[in-house]
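K.L.:
Structure below; questions to follow.
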Amino acid sequence: MADPTTALLVIDLQEGYFSAPELAAIRDRVVAGSVAAVTAARAAGALVVEVRTVHSEDPGTWALNMREDECPFMIRGTDDVRPVGELDVVRPREPDEGWVVVEKTRDSAFHGTDLLELLRSRAVDRVALVGISTESCIAATASDAYAHDLRVVLVDGAVLTPDAERHRTSLGHLADLYRQPARPLTEITFAPPATGAGPS
């Protein structure tokens, strides 16, 4: 059986999240693992989708907890939304069809975005996930991918959350319920779309 056409989704590696002390403590590990995964995906010619959380100043885009707490976060134009500097090393210098940025306003990278259409246009049938945090944006994106009949693999060591027990529980849930395993990067093959591949 041919390798699946796999895209890499890089979830929420933005400065604002790592300003929190608990996330700052895992920054080096999750960013290093993610950069390694990006390097492997790029070398294989696979699609890399950098997913960023970006809100407007208008509370209309804010999540419920932001509105209830009157606490704006990840607002466009602020330092919070900047990608971590370590991604600059692997991000292409010029526009590149192999690197796409998707902005979201909720945990799932699929909610209110054109991510699904993008993946289908590239005949992607599996996504590999890296970034933060396991129980929130990673889990929401993974479960929505399952709902859209996309296979998911989580890159071990490049998906993290500060709470080790919550991390293990979330990974177990995704593996048991949705058959979405966590695998070492060395066991993940990034197969690019065939030449001329259209929507699946």
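Coordinate-derived values only; no laboratory data. Since we're looking at a predicted model, the values are computed, not measured. No Cβ is skipped: glycine too gets one built from the backbone with ideal geometry, and neighbour counts run over all protein chains shown.
K.L.:
Starting at the first residue of the range 44-54, write each ³J(HN,Hα) from the Karplus equation 6.51 cos²θ - 1.76 cosθ + 1.60 with θ = phi - 60°, in whole Hz, x for Gly and Pro.
P.N.:
Computed from phi, the couplings for the range 44-54 are 8, x, 7, 6, 10, 10, 8, 9, 10, 8, 9 Hz.
K.L.:
Take each of the peptides 170-179, 103-112, average the number of other beta-carbon atoms within 10 Å over its residues, and list them starting from the highest.
P.N.:
103-112, 170-179
K.L.:
If you add up the charges near Leu23, with Lys and Arg at +1 and Asp and Glu at -1, over every other residue whose beta carbon is less than 14 angstrom from its beta carbon, what do you get?
P.N.:
-4
K.L.:
Can you tell me how much longer the chain between Ala32 and Glu187 gets when fully stretched, taken as 0.36 nm per residue apart minus their C-alpha distance, in nm with one decimal?
P.N.:
Working it through step by step, the gained length comes to 54.1 nm.
K.L.:
Please work out whether the range 149-188 counts as rounded, prolate or oblate from its C-alpha gyration tensor, where a ≥ b ≥ c are the square roots of the eigenvalues and a/c under 1.5 means rounded, while otherwise a/b larger than b/c means prolate and anything else oblate?
P.N.:
Oblate shape, in that a/c is at least 1.5 and b/c is the bigger or equal ratio.
K.L.:
Rounding to the nearest 20 debye, state how big the charge dipole of the range 103-180 is about its Cα centre with +1 on each Lys and Arg Cβ and -1 on each Asp and Glu Cβ.
P.N.:
Value, rounded to 20: 160 debye.
K.L.:
Set the Förster radius R0 to 41 Å, insert the Cβ-Cβ distance between Arg93 and Thr169 as r into 1/(1 + (r/R0)^6), and round the FRET efficiency to 0.05.
P.N.:
Plugging the Cβ-Cβ distance into 1/(1 + (r/R0)^6) gives 0.55.
K.L.:
With θ taken as phi - 60° and the coefficients 6.51, -1.76 and 1.60, list the Karplus ³J(HN,Hα) couplings across the range 16-22 in order, rounded to whole Hz; mark glycine and proline as x.
P.N.:
x, 5, 7, 6, 6, x, 5
K.L.:
By how many degrees, between 0 and 90 and to the nearest 10, does the Cα long axis of helix 164-178 differ from the longest principal axis of the chain?
P.N.:
40
K.L.:
Once amide H atoms are built 1.01 Å from N in the peptide plane, which residues 5 or more positions from Ala182, or in another chain, come under 5 Å H to H?
P.N.:
HN-HN under 5 Å from Ala182: Leu154.
K.L.:
In whole Hz, what ³J(HN,Hα) sequence does the range 55-67 give by Karplus (6.51, -1.76, 1.60; θ = phi - 60°), x for Gly and Pro?
P.N.:
Result, rounded to whole Hz: 10, 8, 5, 6, x, x, 8, 6, 6, 4, 5, 5, 6.
K.L.:
Additional query: In debye, nearest 20, what is the charge dipole magnitude of the range 19-178 about its Cα centre with +1 on Lys and Arg Cβ and -1 on Asp and Glu Cβ, if you could check?
P.N.:
480
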